Amino acid sequence: MSRFWSPLVHTLSPYVPGEQPKIADLVKLNTNESPYGPSPKAVDAIAAAAGEALRLYPDPTSTALRETLAAHHGVAVEQVFVGNGSDEVLAHAFRALLGHESPLLFPDITYSFYPTYCRLFDVAYETVPLAEDLSVRIEDYRRPAGAIIVANPNAPTGVALTRAEIACLLAEHPDKPVVIDEAYVDFGGESAIPLVADHPNLLVVQTMSKSRALAGLRVGYAIGDAALIEGLTRVKDSFNSYPLGRPAQAGAIASIEDEAFFQDSRAKVIAGRLRLVEGLEARCFSAPASSANFVFARHESRPGAELAAELRARGVIVRRFDAPRIGDHLRITVGTDGQIDRLLTALDEILG
Ligand code: PMP
């Protein structure tokens, strides 16, 4: 607390990211990072960009990266926005698109940054309860709304809506901005990007942090109608003209260009997810079907807080949210086979 704070700062309740502990030999399954590392070509491109040219500012418009993303997703370069992680892209979307007189709608259980942005940017919001099975029900969004944001697959549940369901949501709200946060879509979801062509109100946000194993580089992006992108760019250029450094722009381009590496590592994560789910089910956990690189699992009898603490004592870190309805769930990132084995062995010890 300080008397020098602005009144706004007193009202904030900041987002709390998953911890990044510096403990040796830790099995870190708490922040949905990729266990497989980025494309070696991306690492080479980052190294090549980290030279004498760093004395110069980067391209403020990240045009080469936006062109690469546009070609990759089959859209025009004017339909692509990039930012310092998708968190920053989302922040600009909240600022540029989501604050209206009627409330912004999002699920009651979802990415916990959304209410934080609402408070920071003074966006009125209402949460819509997930169904009993933790799925988003599109029909529940038939109510007055200024805008809608949905994570698909949702976090921390991993449950996905189909593209057809997103199309229904868009059909019911043709005049409202709709943001679909696809941070985890590459692990089995259906992207809404093909719907952008017919929906000028749709913004799709993706990240390189998960499926491209570049969480440390901080690159996220959005795809939508050129007019929506212009709105984001206006906010960005009123905040930070150079959100992506030279190494980030170069590394992100090389990652997108290495399709074979991307396909291989996401296939490994999807195979690991199946192994993780089978191992958990054999130990009396249940979890909704996940389309993400994590599983949201709950034991039939043991409290989540106790299990998380016992796992931690054995060097395995998972994420738990102290929130209504989900306090007994553990969100477990899909690790390597070796990490999954360490988790399952620790659970065998704990469960006896
Ligand atoms: N959206 C969702 C649903 C997430 O879980 C995350 C990761 N915490 C993000 C966006 C942000 O990811 P990043 O800023 O690394 O792109």
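The values are calculated or read from the model by the stated rules, or taken from the named source; none is laboratory data. Just so it is clear, the structure is predicted and the values come from calculations on it, not from any experiment. Here Cβ is always computed from backbone atoms with ideal geometry, including for glycine, and neighbour counts include all displayed protein chains. The area values use the complete protein model at the heavy-atom level, side chains included, leaving out ligands, DNA and RNA. Shrake-Rupley method; radii C 1.70, N 1.55, O 1.52, S 1.80 Å.
Brief remarks follow.
- Whichever residue in the range 9-28 is within 17 Å of A309 (Cβ to Cβ) and either open to solvent by 80 Å² or more (accessible area, probe 1.4 Å) or within 14 Å of the ligand (Cβ to nearest atom) (or both) and, among such residues, is nearest to the chain's Cα centre (by Cα): G18
- Complete set of residues in the range 207-226 that are part of a strand (DSSP E or B) and near the ligand (Cβ under 7 Å from one of its atoms): T207, G220
- Lone qualifier among L105, L65 - being assigned to a helix (DSSP H, G or I), more than 13 Å from the ligand (Cβ to nearest atom) and touching a Phe, Trp or Tyr at 6+ places or on another chain (Cβ under 9 Å): L65
- Matching residues, the range 271-283, being open to solvent by less than 60 Å² (accessible area, probe 1.4 Å) and touching a residue at least 40 places away in the same chain (Cβ under 8 Å): G272, R273, L276, G279, L280, R283
- Here A93 fulfils each of the conditions (1) buried (at least 17 other Cβ atoms within 10 Å of the Cβ); (2) away from the ligand (no atom under 16 Å from the Cβ) apart from (2).
- Residues located in the range 288-321, provided they are open to solvent by less than 40 Å² (accessible area, probe 1.4 Å) and closer than 20 Å to L274 by Cβ: P288, S290, S291, A292, N293, F294, V295, F296, A297, H299, V316, V318
- Meets criteria (among the hydrophobic types (A, V, I, L, M, F, W, C) and either touching a residue at least 60 places away in the same chain (Cβ under 8 Å) or assigned to a helix (DSSP H, G or I) (or both)) for L161: no
- All told, S112 falls short of being under 18 Å from the mean Cα position of the chain (by Cα), under 29 Å from V16 (Cβ atoms), within 16 Å of the ligand (Cβ to nearest atom) and open to solvent by less than 40 Å² (accessible area, probe 1.4 Å).
Residue-wise test of (1) within 25 Å of V43 (Cα to Cα); (2) among the aromatic types (F, W, Y); (3) surrounded by 20 or more Cβ atoms within 10 Å (Cβ to Cβ).
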position	(1), (2), (3)
V178	no, no, yes
G188	no, no, no
L203	no, no, yes
S209	yes, no, yes
G216	yes, no, no
L232	no, no, yes
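- Checked against (1) farther than 24 Å from A215 by Cα; (2) in contact (Cβ under 8 Å) with a residue 40 or more places away in the chain; (3) surrounded by 15 or more Cβ atoms within 10 Å (Cβ to Cβ); (4) not small (G, A, S), L351 meets all criteria but (3).
- Flag if R137 is out of contact with any strand residue (DSSP E or B) (no Cβ under 7 Å at 6 or more places or on another chain), modelled with pLDDT under 95 and more than 15 Å from the ligand (Cβ to nearest atom): no
- Qualifying residues in the range 158-191 (those that are within 15 Å of the ligand (Cβ to nearest atom) and within 22 Å of R95 (Cα to Cα)) - the one nearest to the chain's Cα centre (by Cα): A183
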